[in-house]
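The values are calculated or read from the model by the stated rules, or taken from the named source; none is laboratory data. Just so we're clear, the structure is a prediction, and the values are computed from it rather than from any experiment. Neighbour counts run over all protein chains shown; Cβ positions are idealised from the backbone, glycine included. Side chains included, ligands, DNA and RNA excluded: accessible areas come from the protein's heavy atoms. Shrake-Rupley method; radii C 1.70, N 1.55, O 1.52, S 1.80 Å.
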Amino acid sequence: MRRFKLSFLLVLISISSFSQISTIKDKINNVINNKNAGIGVAILDLNSNESVVINGEEHYPMQSVFKFPIALKVLNDVDNDKIKLSDSIFISSAELKKKTWSTIQEKYPNGNIKMALSDIIYYMVAISDNIGCDVILKNNGGASSINHYLRSIGVNNMTIKINEAEQQAKPDKQFQNWATPNEAINLLTMFYKHSLLKPATQNFLWDTMKKTATGSIKNKLPKGITVIHKTGSAPNIKNGTAVNNDIGIMVFPNKKAVAYAIFIKDSKETSDTNYNIIAEIGKIIAENKK
């Protein structure tokens with residue numbers, strides 16, 4: 001398996017693809033300055049390898065962003081004939097959890113159902129279903145197996161130790177599932193360059209991420225830009241929204257692409273403010289991509 005490890009540089013010789021690297025960074029800083037939150041941003045032009053990085057090596061809790069590497073590992077197992085997307089997975093009533101985000105649970109409130117693995121992955125990624133996520137983890141070696149997979153492909157600055165139920169039961173534990181913005185870009189780049197999955201599973205995950213219904217990154221983008229992405233968020237009852245994340249790839253009408261990772265942690269801002277930060281950064285990327 002081919003491995004990629006990217007080096008992120010703030011001083012770049014070529015500016016042929018992004019209009020001005022310094023301008024992009026200044027505009028993003030104008031958006032995030034004076035915000036009461038820890039914010040990390042990494043942006044990579046996947047054609048020219050130009051990058052913009054702000055706090056790229058800081059650790060950020062992933063929340064549901066971790067469902068992207070989970071999906072990659074499970075689809076790698078499909079590629080290696082360990083499991084099939086058509087496999088039927090049993091979801092018992094005992095696996096349902098009160099007060100968690102789950103469309104599966106809303107549709108099947110009594111549980112004790114069988115669903116195809118492909119459907120559960122769709123719910124987990126596109127709708128960020130927490131029950132589906134934990135069922136997949138339970139049936140595929142747990143969090144440690146995802147961590148082992150990440151290390152096997154050279155991804156070291158992304159760690160998964162607990163499932164959704166565990167991090168929701170004790171919010172402080174969310175920091176056990178962390179990533180740096182730079183490493184998120186590294187994983188997205190490997191995915192984009194087709195170095196992780198076979199064509200069928202690659203296309204399946206790409207199409208699923210294109211249908212992601214959560215997040216705000218698309219809110220201020222002009223028409224014609226395709227976004228495949230995964231979001232993650234967690235509320236903090238005392239101080240507003242603590243975490244809002246979005247990582248993904250924008251594909252422009254000319255077929256050129258940009259990978260981005262936006263992480264917001266320890267935020268004392270409102271949820272609307274956090275989502276607007278992400279939308280504004282998305283708009284800046286689009287406006288400055290030639």
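General observations
- Per residue, in Å², the accessible surface of the chain once ligands and nucleic acids are set aside, probe 1.4 Å: 44
- Inter-label distance, nm, simple model (7 Å from Cα along the C-beta direction), Asp26/Glu287: 1.3
- Estimated FRET transfer efficiency (Thr100, Ser144; beta-carbon r; R0 25 Å; 0.05): 0.70
- Summary value for the chain: 26 percent relative contact order, contacts being C-alpha pairs under 8 angstrom separated by 6+ residues.
- Accessible-area composition of the chain, carbon plus sulfur, in percent [1.4 Å probe]: 49
- Working from label points 7 Å from Cα in the Cα-to-Cβ sense, the Arg151 to Asn80 distance is 1.4 nm.
- The chain, dipole about Cα centre (Lys/Arg Cβ +1, Asp/Glu Cβ -1), debye to the nearest 20: 300
- Taking all pairs of distinct alpha-carbon atoms in the stretch 100-226, Kirkwood radius in angstrom: 16.3
- Its DSSP H runs of at least 4 residues, each contributing -39,500 (n - 2.57), put the calculated 222 nm mean residue ellipticity of the chain at -11000 deg cm²/dmol, to the nearest 500.
- Here the simple spin-label model places points 7 Å from the Cα toward Cβ, and for Lys170 and Ser271 these points are separated by 2.6 nm.
- Radius of gyration and maximum dimension Dmax of the chain, Cα, Å: 18.3, 59
- Between the stretch 182-240 and the stretch 126-147, the alpha-carbon center distance in angstrom: 17
- To the nearest ten degrees, helix 130-139 and the longest principal axis of the Cα atoms of the chain are 70 degrees apart.
- Net charge contributed by nearby residues that have their C-beta within less than 13 Å of Pro181 (K/R +1, D/E -1): -3
- FRET efficiency estimate (nearest 0.05) - Cβ-Cβ, Ser195 to Thr226, R0 22 angstrom: 0.60
- Among the listed pairs Lys73/Lys220; Lys98/Lys138; Lys265/Lys289; Lys27/Lys265; Lys98/Lys193; Lys161/Lys255, those whose Cα-Cα separation exceeds 30 Å are Lys73/Lys220; Lys98/Lys193; Lys161/Lys255.
- Computed over the stretch 14-73, the P(r) curve from all C-alpha pair distances, binned at 5 Å from the origin, holds 4, 15, 20, 20, 18, 14, 9, 1 percent per bin.
- Amide N of the stretch 111-147 lying under 17 Å from the label point, which is placed 7 angstrom from the Cα of Ser88 along Cα→Cβ: 111-120
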